[in-house]
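Take a look at the structure set out below.
The values are calculated or read from the model by the stated rules, or taken from the named source; none is laboratory data. A quick note: this is a predicted structure, and the numbers were derived from the prediction, not measured. Cβ: placed from backbone, ideal geometry, glycine included. Neighbour counts: every protein chain shown.
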Amino acid sequence: MSSKVKYSAILLAIYTVLYFGVALMVSASFKDVAATVVAGLPLAIWGGLLVIISGVVITRLYLKKMDSEESN
């Protein structure tokens with residue numbers, strides 16, 4: 001497996017775990033956990049922000065890696 005594919009798969013796995021973890025937390029089964037107040041906001045809001053920010057960071061890491069491999 002090439003390094004590009006391996007790197008992409010690792011980043012996808014990280015994002016998938018974060019995304020589905022937050023999605024599970026905000027489901028009806030775990031509504032009490034999602035409603036837990038942390039620093040003035042429900043945990044579900046923090047989870048959503050985490051997913052958005054991690055998506056931006058992971059995309060940036062991926063683009064940086066692909067740019068550095070293209071220039072070599």
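Out of all the residues in region 37-72, which are of a type outside the set (A, V, I, L, M), more than 18 Å from SER3 (Cβ to Cβ) and touching a residue at least 24 places away in the same chain (Cβ under 8 Å)?
Of everything in region 37-72, those that are of a type outside the set (A, V, I, L, M), more than 18 Å from SER3 (Cβ to Cβ) and touching a residue at least 24 places away in the same chain (Cβ under 8 Å) turn out to be GLY47, GLY48, SER54, GLY55.
Does region 11-20 hold any residues that are surrounded by 12 or more Cβ atoms within 10 Å (Cβ to Cβ) and without any contact (Cβ under 8 Å) to a residue 12 or more places away in the chain, and which are they? It would help to see each step written out before you state the result.
Here is the first cut: in region 11-20, the residues surrounded by 12 or more Cβ atoms within 10 Å (Cβ to Cβ) are 11-12, 14-15, 18-19.
Across region 11-20, the qualifying residue is only LEU12.
Could you please give the count of residues in region 24-48 that are surrounded by 14 or more Cβ atoms within 10 Å (Cβ to Cβ), within 18 Å of the chain's Cα centre (by Cα) and not in a helix (DSSP H, G or I)?
The qualifying residues number 1.
So, VAL51, is that one modelled with pLDDT of 95 or more, in contact with a Phe, Trp or Tyr (Cβ under 9 Å, 6 or more places away or on another chain) and either surrounded by 12 or more Cβ atoms within 10 Å (Cβ to Cβ) or not in a strand (DSSP E or B) (or both) or not?
Considered against the rule, which asks whether it is modelled with pLDDT of 95 or more, in contact with a Phe, Trp or Tyr (Cβ under 9 Å, 6 or more places away or on another chain) and either surrounded by 12 or more Cβ atoms within 10 Å (Cβ to Cβ) or not in a strand (DSSP E or B) (or both), VAL51 comes out as yes.
Of all residues in region 1-10, which are assigned to a helix (DSSP H, G or I) and free of Cβ contacts under 8 Å to residues at least 12 places away in the same chain?
Correct list: VAL5, LYS6, ALA9, ILE10.
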